[in-house]
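Any read-out appearing in this document is the output of simple, stated calculations on the displayed coordinates, not a laboratory observation. Remember, it's a predicted structure, so these values are computed and weren't measured experimentally. All Cβ positions, glycine included, derive from the backbone under ideal geometry; neighbour counts span all protein chains shown.
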Amino acid sequence: MSETRRVLVTGAGGYVGAALVVDLQRRGFRVVGYGHSANFPALRARTDGAAELVEGDLTDARALERAVRGADAVVHAASFAGERSCRRDMPGAVRSIVRGTRHVVDAIAAGGTARLVHLSTYAVYSTLISLRVVASEVLTFTLPGREPSGVPWM
């Protein structure tokens, strides 16, 4: 690699995001981890302080724009943690997963970042034996900027 690439990883405080931060940093990338900071002390130790860690939330569009600025790629690994959390706080899950992902995409478009890798959550597959999902009930929004019926963005 002739010049070091800068990669932003959302969800850096989570299980998958933290593992990606460590792996990318070890492979020689300049890594910026963005997310909730509860696990940042352990992550700093695992990267010998080489990764830049930025506390933030997916619902904060301006903070995401600042974090994305200058990134060659974004790995979007942030999400609500688990199906139970989603079921317990559906409006929060929608704000984080749907609107938060919209904020990531908008920040990338504004910053001119060329690459996005989006990781989903296992919760989208459900642990139920049978689940009837009607697309019109789930995909009731039109991008950009429309709200899903009955679930406020903020």
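Structure notes:
- Dividing the radius of gyration of the alpha carbons in segment 11-60 by their Kirkwood radius gives 0.93 for Rg/Rh.
- Residue ranges 13-26, 85-98 sort as 13-26, 85-98 when ordered by packing (mean number of other C-beta atoms within 10 Å per residue, highest first).
- Legend: ranking of residues Glu55, Glu83, Glu3 from fewest to most surrounding C-beta atoms inside 10 Å; resulting order Glu3, Glu55, Glu83.
- Taking a sphere under 15 Å around the Cβ of Asp48 and counting the other residues whose Cβ falls inside, with K and R at +1 and D and E at -1, yields a net charge of +3.
- Taking every alpha-carbon pair under 8 Å whose residues sit at least 6 apart, segment 1-72 reaches a relative contact order of 32 percent.
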